[in-house]
Each structure stands twice: as structure tokens, then as C-alpha cells.
Amino acid sequence: MPNEDKVTSGGGYERGSGLLGNPDMEIDPGYFILRQNGQQVGRAFTTRRGDEHWELFVNYTWPSRRSGPVVLVIEPTTQNAPADEAAFRSGITQGSVYLHLKAV
């Protein structure tokens, strides 16, 4: 079965192969909740400059042969959205993985 992105009925995006399965995929600027199996496993904040800030919680499942297929749903939200990048980074919880991606 090919890896295809699709918009879910909740307005999020499903990623069949994990976080960055398609290098051409970029998400719109905003604030997002990340879910696996209906459970929140992280959050993301993106800017118009192409900066993406990701926080992956301790319950995030990294795609691997051992874990089997993992579907990541990225849901846009405005609830509890940080005002800027600094506010997002200051809210990162202990034990989480922080990723900063920059479009070039």
C-alpha cells in the first residue's frame, strides 16, 4: 500500500510512515496537536518563515520495524496556542524531544 497523506474528518492530516515520511511535506503556519491512536503525543508550532518547532511527548511512538505501522494525525488548533516561538519552547515538558526544523 503506498504512503499517502490524507485529510481526516477532524481537519487533521494522517501520516502513514511517521513524522517526516515525505520530505516535500510542509505544514501551514500555526499551532498543531499531534495524535497517535487518538492520544495526544506532541504538539507543533510553525511560522511563516519556514521554522517548525515540534515537541514529542514521552508517549510518542517512533516508527520502526518493531512498532509496526504508526499513523500520526496532525490537527490544527487555536486552543492554548503559544504567542510565538519563545513561548512554545518555554512550555516544553521534561522528558519530551524537541525538534527545530528550518526550511532552506
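Residue count for segment 40-58 satisfying the condition of being exposed (fewer than 12 other Cβ atoms within 10 Å of the Cβ) and either farther than 22 Å from Ser90 by Cβ or at pLDDT 90 or above (or both): 1.
Can you confirm whether Thr93 is modelled with pLDDT of 90 or more, in a loop (DSSP other than H, G, I, E, B) and loosely packed, with under 11 Cβ neighbours inside 10 Å? So Thr93 passes the test. Look at (1) modelled with pLDDT under 85; (2) loosely packed, with under 12 Cβ neighbours inside 10 Å and you find that Ala83 fails only one, number (1). For segment 62-90, taking the residues that are free of Cβ contacts under 8 Å to residues at least 40 places away in the same chain and outside any loop (DSSP other than H, G, I, E, B), the one that is nearest to Arg43 (Cα to Cα) is identified as Arg89.
Each residue in segment 26-61 was checked for being part of a loop (DSSP other than H, G, I, E, B) and either under 15 Å from Val73 (Cα atoms) or touching a helix residue (DSSP H, G or I) at 6+ places or on another chain (Cβ under 7 Å) (or both), and 10 of them qualify. Figure legend. Inter-residue proximity from segment 23-40: first residues under 19 Å from Leu101 (Cα atoms) and of a type outside the set (D, E, K, R), second residues surrounded by fewer than 12 Cβ atoms within 10 Å (Cβ to Cβ) and modelled with pLDDT of 90 or more, beta-carbon distance below 9 Å, spacing 6+ or different chains. Indicated pairs: Gly30/Thr78; Tyr31/Thr78; Tyr31/Gln79; Tyr31/Asn80; Ile33/Gln79.
The values are calculated or read from the model by the stated rules, or taken from the named source; none is laboratory data. Note that the coordinates shown come from a computational prediction; the quantities given were computed from them, not determined experimentally. Cβ atoms come from the backbone with ideal geometry, glycine included; neighbour counts cover every protein chain shown.
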